[in-house]
1. Straight-line reach from Lys267: which lysines have a Cα under 18 Å away, not including same-chain ones fewer than 8 places off?
2. Using each residue's phi in the range 258-267, evaluate 6.51 cos²θ - 1.76 cosθ + 1.60 at θ = phi - 60° and report the 3J(HN,Hα) Karplus result to the nearest Hz, with x for Gly and Pro.
3. Would you list, by chain and number, the lysines whose Cα falls below 18 Å from the Cα of Lys164, excluding same-chain residues fewer than 8 positions away?
4. Report the local net charge at Glu145: Lys and Arg +1, Asp and Glu -1, summed over other residues whose C-beta lies under 10 Å from its C-beta.
5. I want to check the label-to-label distance for Ser207 and Lys113. Put each point 7 Å from Cα in the C-beta direction and report it in nm to one decimal.
6. Mind checking the angle between helix 102-113 and the chain's longest principal axis? C-alpha axes, 0 to 90 degrees, to the nearest 10.
7. Hey, can you rank 18-27, 173-182 by average C-beta count inside 10 Å, highest first?
8. Could you derive backbone 3J(HN,Hα) for the range 6-22 from the dihedral phi with the Karplus parameters 6.51, -1.76 and 1.60 (θ = phi - 60°), listing whole Hz in sequence and x where the residue is Gly or Pro?
Amino acid sequence: MSGLFAVIGDPIDHSLSPNIHSAAFRELNLGCSYIAYRIPKGQLKSGIEGLKKIQVSGFNVTVPHKVEMVKHADKLDESCSLIGAVNTVENKDGVLKGYNTDMDGFLDPFKKKGIPIKDLKVLLLGAGGAARAIVAGFAKEKAGEITIANRTVQKAEELSEFSKENGLDATHVGVAEVGDSAKNYDIVVNATSVGLKNERSPISLDSLRGDAIVYDIVYMPMNTDFIKRAKERGARIIFGYEMLLGQAVRAFEIWHDVKAPYDAMKKALLGGGV
Ligand SMILES: NC(=O)c1ccc[n+]([C@@H]2O[C@H](COP(=O)([O-])OP(=O)(O)OC[C@H]3O[C@@H](n4cnc5c(N)ncnc54)[C@H](OP(=O)(O)O)[C@@H]3O)[C@@H](O)[C@H]2O)c1
């Protein structure tokens, strides 16, 4: 098998996807390559035409194109029509099919660690694109209740409505109003971008229970302040790189129709400065 794959976005230089997928190609002796390709906002249509001309077999989509990509796909998998965003595209003879592997990627560490989500109480920080995929994941796994906390309260309210439409018992709150309520939850997830620049945790974790699960989807740095505070409380930690790997594995399997070499991909990621 051979083929060219890509990740598109802007900025794109920092992307770890080329490392992860190239390691998988080496491990399975696939004659494929994977490039990072910068497409600025507003230039998605012409960028995709360029990718078709060089006959890419598939590509990942990241900020700022995930939502706009929905309009440019010829077909959509159920995963992205639900979430309203595309992060993986398969190109079969010029026909582009969009998928969203963020939901499965988010759930993957729970499955690997054997942690059931059913009936657990969730506090979700953030209401952006990733948070929406996460809500879809919690709905699929039938979480008990979910509280959405976001800086912009209106977006928290919208995501809470989406949660209810998908069968979750949901409420919303401003992130500044969370106070010391972490103790009321079984799972606390940071799906804001707070932590990327080493900022303080978006909420206090002082009251967190020692049996809680704390998941930060920010993957760089690996040990954010949010994670450090959760570790101090003795919580069970899920790192952002685990979701990153989960979504990459799912994308790999869509494109190549073989089981992805998880360990080789993980080694490439953790050896790559995460
Ligand atoms: N591990 C993975 O595989 C993976 C996958 C996808 C995304 N991510 C990471 O997840 C993060 C969010 O991605 P996204 O695509 O959802 O981004 P997004 O759509 O731009 O949403 C950003 C979210 O962060 C909040 N936020 C930003 N700055 C804040 C601040 N200073 N204080 C409080 N809240 C703040 C925003 O609140 P407002 O609504 O108030 O602006 C919004 O809820 C990024 O760091 C991204 O790298 C990781």
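The values are calculated or read from the model by the stated rules, or taken from the named source; none is laboratory data. Model, not experiment: these values are computed from the prediction. Glycine also receives a Cβ, built like all others from the backbone with ideal geometry; neighbour counts cover every protein chain displayed. Calculation scope for accessible area: heavy atoms of the full protein, side chains included, ligands and nucleic acids excluded. Shrake-Rupley method; radii C 1.70, N 1.55, O 1.52, S 1.80 Å.
1. Within reach: Lys112, Lys259.
2. 10, 5, 6, x, 3, 5, 5, 5, 5, 4
3. By straight Cα distance, Lys164 reaches Lys118, Lys121, Lys140, Lys142, Lys155.
4. Computed value for this residue: -2.
5. 2.3 nm
6. 60 degrees
7. Ranked by mean Cβ neighbours within 10 Å, highest first: 18-27, 173-182.
8. Taking θ as phi minus 60°, the curve returns 8, 10, 10, x, 7, x, 9, 4, 7, 4, 8, 4, x, 4, 5, 6, 5 Hz for the range 6-22.
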